[in-house]
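Comments concern the structure below.
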Amino acid sequence: MSNYRRNTPHIPLRIRLLGALCIAMVPAATLAGPTIPFGEQGFVTISYGLQIWTQYRGYTSATNEASYYDTFLRRNRLLFAGQYNDYVGFYVQLEAANDNKLGNADKPISYRDAYVTFDYTDSLRFIGGRFKNTFSRENLEACLEPLTIDRAEVISYTPFGADGGGTRDTGWAMWGNLANAKIQYRFMVADGRQGDDVAKSTPRLTGRVHWALLDPETDYGYLGTYLGTRKVLTFGLAYDYQADVAFANFPARTDSVDYKAWTADVFYEYPTKSGTYTFSSAYFDYDTQDAINANPDPNFPVTAQLKASYVKGGYLFPRKVGIGRLQPYFRYEKSDYGINTGFFDQNWKGLGFNYYIDGQNLKITFEFDKIEFDEPDPTNASLQDYNQATFAFQLIF
């Protein structure tokens, strides 16, 4: 695999293979750094990932309609991944995300991920700790190896999660590949929504399965593009559930509601002599029994009743353009939040390109987005039509 350099110390083949399975949750390019032997059997790979964004947006905040210009560190990550022995592996990721965004230069460093893995066979693996929830494909796509400049700002993240943003949770997962890796299954038991605002403390249950009709996608994480190295056609389906997640009538602490969600997705990438064609689409349905339109607690997420979809596609030129490879792309999202006011419902249209100087390890990206609301909010600048342009530089070592 490309994450091991030629000067990597000798490690038995079995350890290397199982180590690759352990760190498969993070694609190879994001683990491009050195590999160091540890003890009699283990090793650790260290990597650093940096994304610098310069962004223009048509508003500054909900109360400020003036446009803003900003340069900040979208992602600033230090990664450690490896194997303790034949079966037990680990992964740790430290990050100070969005450092200096809107002048906030004191972003704390935190554990983005911290988990252990146990790989018994390819068909039976376990993960424990804090890691990506296994619900949507786009959330599981590596943020350092996407097709577009980033994931959807909202729709690919579940309403609830341990990180407060619906991307990660703390718990246990069982997963594996079946039928020569044409079928992959996952089942996760996690904390979900916790705290004084929940009606009852219950586990969050998530299941996902995908079918790969062409080349298999065997890792826990996905890529937004394989840069023409695979022929992929994969269909995915997932379900997410947590009982008694909130009170619809929070002041009276009555009318307990459950959370349930489902998503379906498809990913297609096919390299040809004329170039590599990439297409991806998904539908999301988040439901909490319409509690958002009742009298829920102030911290209840606005995405709790969201119905949304996206379509995105790209074309990678077959030969270099200058010193790198050019990949123009597009993205379209439609979101219906199910809120009675209708102010949040929107359409997101984006066009951009990736310029790969050294694959995902060294690239630049530009994207222009136009966001239009079905019914703009007359008092909230963030819920009025606006344009956004972003230039990004990425380095992975």
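Any chance you could run the full-extension gain for ASN380 through THR218? It's 0.36 nm times the residue separation minus the Cα-Cα distance, nm to one decimal. Each step should come with its number before you reach the end.
On the way: separation 162, 0.36 × 162 = 58.32 nm, distance 4.42 nm.
Between ASN380 and THR218, full extension yields 53.9 nm more.
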> PRE reach from ASN180 (point 7 Å along Cα→Cβ): which of the range 213-239 fall under 18 Å by backbone N?
Replying inline: 213-219, 230-235
>> Rg/Rh for the range 70-197 to two decimals, with Rh computed the Kirkwood way over all alpha-carbon pairs.
In response: 0.99
>> Using the Kirkwood radius over C-alpha pairs as Rh, can you work out the diffusion coefficient of the chain via Stokes-Einstein at 37 °C, viscosity 0.692 mPa s, in µm² per second?
In response: 149 µm²/s
> Of MET188, MET174, which has the most accessible area and how do the rest follow, probe 1.4 Å?
Replying inline: MET174, MET188
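How big is the shadow of the Cα convex hull of the range 187-267, averaged over all directions, in nm²?
Details: hull surface 25.8 nm².
Over every viewing direction, the Cα hull of the range 187-267 projects on average to 6.5 nm².
Mind scanning LYS260/LYS307; LYS101/LYS307; LYS307/LYS349 and naming the pairs with a C-alpha gap bigger than 20 Å? Provide the component values of the computation, followed by the final result.
On the way: LYS260/LYS307 12 Å; LYS101/LYS307 29 Å; LYS307/LYS349 17 Å.
Beyond 20 Å: LYS101/LYS307.
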>> Cut-off 10 angstrom, C-alpha nodes, Gaussian network model of the chain. Which of ILE109, ILE52, ILE371 fluctuates the most?
In response: ILE109
> Between ILE109 and ARG253, how many nm apart are label points set 7 Å from Cα along the C-beta direction?
Replying inline: 4.2 nm
> Please state the relative contact order of the chain as a whole percent: Cα pairs under 8 Å, 6+ residues apart?
Replying inline: 13 percent
> Looking only at Cα atoms, what is the convex hull volume of the range 328-371 per residue, in Å³?
Replying inline: 75 Å³
> Taking every pair of alpha-carbon atoms in the range 46-96, what share in percent sits in each 10 Å bin, from 0 to the bin with the longest distance?
Replying inline: 21, 28, 23, 16, 9, 3
> Which percent of the accessible heavy-atom area of the chain goes to carbon and sulfur, probe 1.4 angstrom?
Replying inline: 60 percent
>> Mean-square fluctuation check for the chain, GNM, Cα pairs under 10 Å: which of ALA81, ALA179, ALA381 is largest?
In response: ALA179
>> Once you place label points 7 Å from the Cα toward the Cβ at TYR277 and THR60, how far apart are they in nm?
In response: 4.7 nm
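The values are calculated or read from the model by the stated rules, or taken from the named source; none is laboratory data. None of these values were measured; they are calculated from a predicted model. Note that we place each Cβ from the backbone using ideal geometry, even for glycine, and neighbour counts take in every protein chain shown. Heads up: the accessible areas ignore ligands, DNA and RNA and are worked out on the full protein's heavy atoms, side chains in. Shrake-Rupley method; radii C 1.70, N 1.55, O 1.52, S 1.80 Å.
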